[in-house]
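Trainee: Below are the structure tokens for one structure; questions will follow.
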Amino acid sequence: QGCASHHREPRKSAQRLPGMLNVGVAEMVVFGLLLAASALPLFLYIRHRQTKQFEQQLAEIKRARAEERAQAASVQCAVEQTEVGAAAEGKPSRRKKSKSGDANLPVLPSGSRCFVERRAREFEGVIEKVHYDDNPPYYTVKLADGTLIDTVRSKIESQAERADAYAAELLAEEAQEKKGKSSSKPGPPSKPGSGHEKVAKASKKRR
């Protein structure tokens, strides 16, 4: 009997082993779920902090750009107010430096009506004064609204120069059209007895 009972106990322990394994696996799964559930709030908190930091950095960048734009606008406004104030006082605005090609252009007399380039735009005006104290001289031009500006010769084109340029363009276009018509006309018809026949006759005469 002792031997029989001794053999039965290992069988019972072997039967209990799968159940114990299942319980252990279930406990591990439950532990993993509890660990994930406890880590989720920490993950959400870290993600919230990162999002908040990113939003703060983005707001700082936007604020810095807005300050830069405001400073640039204030500088431009100050320049425009300075020029308007100078025009109101009858003083010309600042002029640009002369270019190397200004000395090769003819001097325009005072009172000449002209076109002036200013801030990438063209204005009509009258030359008020020619300043010969600089070489090449610079000009004070009065615009249609009464504004006085000092500018250089390369920024001015008189009405006479504009008219001459237009006339030269028209003449060039007419000459081009005439040239095109003459080239498109057919040549005179060939006369009989020309070409190879003339060459043959000339060779016979030589013989």
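The values are calculated or read from the model by the stated rules, or taken from the named source; none is laboratory data. Everything quoted here is computed from the prediction, not taken from an experiment. Cβ placement follows ideal geometry from the backbone for every residue including glycine, while neighbour counts extend to all protein chains displayed.
Trainee: Does residue 125 satisfy the criteria of being closer than 18 Å to residue 112 by Cα, out of contact with any Asp or Glu (no Cβ under 6 Å at 6 or more places or on another chain) and either loosely packed, with under 15 Cβ neighbours inside 10 Å or touching a residue at least 40 places away in the same chain (Cβ under 8 Å) (or both)?
Mentor: Spelling it out, it is not the case that residue 125 is closer than 18 Å to residue 112 by Cα, out of contact with any Asp or Glu (no Cβ under 6 Å at 6 or more places or on another chain) and either loosely packed, with under 15 Cβ neighbours inside 10 Å or touching a residue at least 40 places away in the same chain (Cβ under 8 Å) (or both).
Trainee: Please work out which residue is modelled with the highest pLDDT, limiting yourself to the range 128-144 and to residues that are assigned to a loop (DSSP other than H, G, I, E, B) and surrounded by 13 or more Cβ atoms within 10 Å (Cβ to Cβ).
Mentor: Among those that are assigned to a loop (DSSP other than H, G, I, E, B) and surrounded by 13 or more Cβ atoms within 10 Å (Cβ to Cβ), it is 137.
Trainee: Separate question: Looking at 15, 56, 50, which one is assigned to a helix (DSSP H, G or I) and modelled with pLDDT under 65?
Mentor: One residue alone meets the criteria, 15.
Trainee: Looking only at residues in the range 145-159 that are of a type in the set (D, E, K, R) and not in a loop (DSSP other than H, G, I, E, B), which one is nearest to residue 114 (Cα to Cα)?
Mentor: The extreme case among them is 157.
Trainee: Something else now. Only one of (1) at pLDDT below 90; (2) part of a helix (DSSP H, G or I) fails for residue 170. Which number is that?
Mentor: The number of the failed condition is (1).
Trainee: Considering 93, 98, which residue is under 30 Å from residue 146 (Cβ atoms), at pLDDT below 80 and touching a Phe, Trp or Tyr at 6+ places or on another chain (Cβ under 9 Å)?
Mentor: So the residue among 93, 98 that is under 30 Å from residue 146 (Cβ atoms), at pLDDT below 80 and touching a Phe, Trp or Tyr at 6+ places or on another chain (Cβ under 9 Å) is 98.
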